[in-house]
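Q: Got a structure for you, questions after.
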Amino acid sequence: MLLLPSAAEGQGTAITHALTSASSVCQVEPVGRWFEAFVKRRNRNASTSFQELEDKKELSEESEDEELQLEEFPMLKTLDPKDWKNQDHYAVLGLGHVRYKATPRQIKAAHKAMVLKHHPDKRKAAGEPIKEGDNDYFTCITKAYEMLSDPVKRRAFNSVDPTFDNSVPSKSEAKDNFFQVFSPVFERNSRWSNKKNVPKLGDMNSSFEDVDAFYSFWYNFDSWREFSYLDEEEKEKAECRDERKWIEKQNRATRAQRKKEEMNRIRTLVDNAYSCDPRIKKFKEEEKAKKEAEKKAKAEARRKEQEAKEKQRQAELEAVRLAKEKEEEEFRQQALLAKKEKDIQKKAIKKERQKLRNSCKSWNHFSDNEADRVKMMEEVEKLCDRLELTSLQGLNEILASSTREVGKAALEKQIEEVNEQMRREKEEADARMRQASKNAEKSTGGSGSGSKNWSEDDLQLLIKAVNLFPAGTNSRYLLLCWHSNFILENSLCYPHQKDDINKKAFDKFKKEHGVASQADSAAPSERFEGPCIDSTPWTTEEQKLLEQALKTYPVNTPERWEKIAEAVPGRTKKDCMRRYKELVEMVKAKKAAQEQVLNASRARK
């Protein structure tokens, strides 16, 4: 019962009595439904037509309820009550045209109308056969109302609405009519959104902010759609707690998988729309044009700024280039002249050598004996290697313009001079070796410090050995002693290991180079004990020139050894080749000795 408030002070109702000659005013208490309507209007700040609107709304709802009864599902009587889960509950209650938009009042009214018409008692009274128990189709009406009257169950059924179109338009479909294809798709999928006020797709005139807000909303779409209605197992049917837990676990996994597929569908829809949207293409083109304009403006400013610098730099580079070309041209001309002179001299020497050989050959090498001829040929080759161009030209002139006896005498005289020169060089080398031996003996027999009375050659050899074996090398001083044979008796070395190291190194060298066994008793080569009897020792300057020439003229250089011999004054082609082979053998022997020392050290450890 509604208790109305008392009338406010000053408010009242005046009643005029027409039967009397004078009017009188009476105080009346306001009551009744009209006063109730007045209070409602005043509290809600509504107009005087508020009650009329409510009355019209109630009348419209009642008229709608009456109309809903007219739409009935034609296949209702053919439904299988056992297969109620696959039925369309909205169609069963006659709400197929309203579906998810139906209000609870409409659902209740539809169920009431269906019960009044299809209840088994009424049909039985009308003479219609009724199935026993839950086998009658009326069970489908009951299940439909049970599902749609419960908000949770209704949401589960709405999520799998059989009439909903889950299709996603392809890119080719929206090529020419983008808005006509994608607008209804986004419109029907907006029903799944947890957020209200879903943005519309818009049209070609939509602003960038509206389009960006639309795609941001759909790329972060929050959907309430869930798939519990499609659970294959019902946990209420479980016989124990473990089975119920297992059913719940299976259902959760299936729901999660279907939810993932649904979100992938939404993402595919948004991706297809974004890639086909002509507005996105227009915005990208506008942005690109804007960036290009800014880029061109900056490039134009930089270009104008760099033009002056570029002109100055080009002028400087041009001056440097001209000076460099002039210098290179002068150097090229000098190198060309030097090469021509060297080639001319080389050809002249080659020609004179061949001329000398031919002259001696024409005189049968001035001998009728085969052994003498062979010896004379060797001497002639020695002259070709040792004599300079002027000497060869003078000898060839004598042989060409004189008789056999005069030519033989001149040739023998030249041979004697060359042999005498070689003999003197050999004596000088022997003297240097003897002096070195004496210095080594004196230093050994002295105070034993190992640094007294060292010659200049000894110091150079020691410096070279120290550079070859830097600090930190295993058994460094033993290797220094091996490399510098003239200080093997020094106290810094290990004299008791010298003979063993040299012997093993030489044995390894013989094994690698295939030396015959009968040569084991032969004297060691120059690189171990002393110089060869028929060659002059190499000085430090000659060794440096040879190493530089080997680097300058690689293996693929034509006439390599002739060029190397020209770079080392006083040395012939054969001398350079012999020295190169000795160096190669020395390096191999050194590596063998180093390996032997390392093995000996490991054995001692």
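Q: Work out how much length Lys361 to Lys588 would gain on full extension: take 0.36 nm times their residue separation and subtract the Cα-Cα distance, in nm to one decimal.
A: Taking Lys361 through Lys588 to full extension adds about 77.5 nm, to one decimal.
Q: Quick check: from the Cα gyration tensor, does segment 62-159 come out rounded (a/c under 1.5), prolate or oblate?
A: Since a/c reaches 1.5 but b/c is at least a/b, the shape of segment 62-159 is classed as oblate.
Q: If I compute solvent accessible area with a 1.4 Å probe over the protein chains, what percent of it on segment 178-276 is carbon and sulfur?
A: 47 percent
Q: Further, regarding this structure: Hey, any idea what % of segment 320-418's accessible area is carbon plus sulfur with a 1.4 Å probe?
A: 53 percent
Q: Let me ask another. So what's the net charge close to Pro569: Lys and Arg +1, Asp and Glu -1, counting the other residues with Cβ under 10 Å from its Cβ?
A: Result for the neighbourhood of Pro569: -2.
Q: Which FRET efficiency, nearest 0.05, do Thr103 and Val25 yield, Cβ-Cβ r, R0 35 Å?
A: After rounding, the FRET efficiency stands at 0.10.
Q: Counting only Cα atoms, I'd like the Rg/Rh figure for segment 178-288, Kirkwood definition for Rh.
A: That ratio equals 1.18.
Q: Would segment 340-435 count as rounded, prolate or oblate if I go by the C-alpha gyration tensor, calling it rounded below 1.5 in a/c and otherwise prolate when a/b exceeds b/c, oblate otherwise?
A: Oblate.
Q: Another question, if that's okay. Are any of the pairs Lys175/Lys288; Lys195/Lys259; Lys77/Lys143 more than 20 Å apart by Cα-Cα distance, and if so, which?
A: Lys175/Lys288
Q: Then there's this: Calculate, for segment 340-435, the solvent-accessible area per residue in square angstrom, rolling a 1.4 angstrom probe over the heavy atoms of the protein chains.
A: Using a 1.4 Å probe on heavy atoms only, each residue of segment 340-435 averages 66 Å².
Q: On a full-extension model of 0.36 nm per residue, what is the gain between Lys195 and Lys346, subtracting their alpha-carbon distance, rounded to one decimal in nm?
A: Taking 0.36 nm per residue and subtracting the Cα distance, the gain is 44.4 nm.
Q: Another question, if that's okay. Stokes-Einstein diffusion coefficient for segment 559-604 at 4 °C in a medium of 1.567 mPa s, Rh from the Kirkwood formula over Cα pairs: what value in µm²/s?
A: Here the translational diffusion coefficient equals 103 µm²/s.
Q: Given the Cα-Cα distance of Thr403 and Glu234 and 0.36 nm per residue of separation, how much length would full extension add, in nm?
A: Result: 47.5 nm gained on full extension.
Q: Rounded to a whole number, what % of the accessible area of segment 540-603 do carbon and sulfur atoms account for, probe 1.4 Å?
A: After summing per-atom areas, the C and S share lands at 54 percent.
Q: Take the eigenvalues of the Cα gyration tensor for segment 222-364, scale each by 5, and report the square roots as semi-axes in whole Å, largest first.
A: Over the Cα atoms of segment 222-364, the ellipsoid semi-axes are 92, 40, 12 Å.
Q: How far apart, in nm, are two points set 7 Å out from the Cα along the Cα-to-Cβ line at Tyr274 and at Lys77?
A: About 5.5 nm, to one decimal.
Q: I'd like to check one number: the per residue accessible area of segment 205-246, probe 1.4 Å, reported in Å² as a whole number.
A: 70 Å²
Q: Further question on the same structure: Mind checking the per residue accessible area of segment 62-159 for me, 1.4 Å probe, whole number of Å²?
A: 59 Å²
Q: Classify segment 75-230 as rounded, prolate or oblate from the Cα gyration tensor: take a ≥ b ≥ c as the square roots of its eigenvalues, call it rounded if a/c is under 1.5, otherwise prolate when a/b beats b/c and oblate if not.
A: prolate
The values are calculated or read from the model by the stated rules, or taken from the named source; none is laboratory data. What you see is a predicted model, and the numbers here were worked out from it, not measured in a lab. Ideal geometry is used to build each Cβ from the backbone, glycine not excepted, and the neighbour counts take in all protein chains shown. Protein only, heavy atoms only, side chains kept; ligands, DNA and RNA dropped before computing areas. Shrake-Rupley method; radii C 1.70, N 1.55, O 1.52, S 1.80 Å.
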